[in-house]
Amino acid sequence: MNGQFAEDTDLQAKSATGRKRARKSDAVYQDLKRKILTGEFNSESPITEQSLAQDYNCSQGTVREALMLLQEFGLVVRRGYQGTFVTDPSIVEAMLMLKLRIDIEATGVTEAAQNITSRQLEELKDLDRQFEECRLRRDVFGCAELDRNLHLKLFKIAQMPTLEPVLIRTTMVLQRVMLPTPRSEAAWQRRNVTPHQAILEALEKGKVQDAKDAVKAHILSSAVVLAPHFYGKDLEQLQKNYEKEPAQIVALAGL
């Protein structure tokens, strides 16, 4: 996809294995990621390095690099001699991941509002335009890639690099939850989803609280539309639920 930001590219693998090998493992990784996020591969799908190497006409080492990156981002789990399995997040995990993403991004957009430049804002708007073009084409994977890259680019502006890997993994796992569900025409039209545009307009006007509220609304409304089997269909109730601290956190704090 032209103009797309590859925020989750494995730079360490490129420097360690050489450019030709890295390009091949990146291509395998990207295709496997597409199959996992769109539900073509699931937790019942057998994944072996040998069979994938045959499918992609490459070495098992190249496949292994791709699988290790998928594991880093929470899409597969490697269980020694048992093989590699696509992750299957539980409802509890999905709920906590959503809470984590909201907390990270709400804080991030608050920090980004202090640093963002007009050029960066235009780059974000361009990503949103590409996202909308993908949506009109009903391109599930393309929308997922552009949505994640837009949010990661916005978070980079916040200058909190320690949390970037956490946000990547969190977003990937949530996409694993949301994308495989068959999408109705109403879901594609996204009438009830707060768009990226609301976030960007608030940032452009310097309205920090509005940008923070728009980020939360965007994440929660997307969850209700794309994964009602996990998050329910009542956006107002979901918002109320996420205004509360998880019981586990209170317990750990000794309160």
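The values are calculated or read from the model by the stated rules, or taken from the named source; none is laboratory data. Worth saying up front: this structure is predicted, and the values here are computed from it rather than measured. Glycine gets a Cβ as well: all are built from the backbone with ideal geometry, and neighbour counts include every protein chain shown. Accessible surface is based on the protein model in full, side chains and every heavy atom, while ligands, DNA and RNA are left aside. Shrake-Rupley method; radii C 1.70, N 1.55, O 1.52, S 1.80 Å.
Taking the average, over residues, of other Cβ atoms within 10 Å as the packing measure, peptides 42-51, 105-114, 227-236 rank 105-114, 227-236, 42-51 from highest down.
Lys-Lys pairs in the range 130-255 that are eight or more residues apart or on separate chains and whose Cα atoms lie under 25 Å of each other come to 19. Model label sites at T38 and T181, defined 7 Å from Cα along the beta-carbon direction, differ in position by 2.0 nm. Each 10 Å bin from 0 upward holds the following percent of the Cα-Cα pairs of the range 37-152: 11, 29, 31, 22, 7, 0. Per-residue ellipticity at 222 nm, computed for the chain from helices alone with -39500 (n - 2.57) per DSSP H run of at least four residues, works out to -21500 deg cm²/dmol. Given the options M97, M172, M160, state which has the largest fluctuation in a GNM of the chain using a 10 Å cut-off (strictly under) for Cα springs. Of M97, M172, M160, the most mobile in the Gaussian network model is M160. Extending 7 Å from the Cα toward the beta-carbon at both R78 and E243 defines two label points whose distance is 4.5 nm.
Would you mind telling me the share, in percent, of accessible area of the range 163-222 contributed by carbon and sulfur at probe 1.4 angstrom? After summing per-atom areas, the C and S share lands at 49 percent. Taking other residues whose beta carbon is less than 14 angstrom from the beta carbon of P180, and scoring Lys, Arg as +1 and Asp, Glu as -1, yields +2. Computed over the range 112-255, the P(r) tail beyond 27 angstrom holds 24 percent of alpha carbon pairs.
Calculate, in nm to one decimal, what Q159 and T110 gain on full extension: separation in residues at 0.36 nm each, minus their alpha carbon distance. Don't skip to the answer; put the middle values down first.
Details: separation 49, 0.36 × 49 = 17.64 nm, distance 1.12 nm.
Result: 16.5 nm gained on full extension.
Extension gain for the segment Q71 to D31, taken as residue separation times 0.36 nm less the Cα-Cα distance, is 12.9 nm to one decimal. The calculated FRET efficiency for the pair H229 and S118, based on their C-beta separation and a Förster distance of 30 Å, comes to about 0.15. R78 sits among other residues whose Cβ lies under 13 Å from its own Cβ, and their net charge, with Lys and Arg +1 and Asp and Glu -1, is -1. Other residues with beta-carbon under 13 Å from the beta-carbon of T110 carry, at +1 per Lys or Arg and -1 per Asp or Glu, a net charge of -2.
Put a dot 7 Å past the Cα of S90, heading toward its Cβ, do the same for S59, and the two dots end up 4.0 nm apart.
Here the chain was treated as a single set of alpha-carbon atoms; its pair distances binned every 5 Å from 0 give 1, 6, 12, 16, 18, 17, 13, 9, 5, 2, 0, 0 percent.
Annotation: per residue accessible area for the chain equals 53 Å², rounded to a whole number [probe 1.4 Å, protein chains only]. I need the trypsin sites (Lys or Arg not before Pro) found in the range 88-154, filtered to DSSP loop residues with at most 16 other beta carbons within 10 Å of theirs. Passing both the DSSP loop test and the Cβ count: R137, R138.
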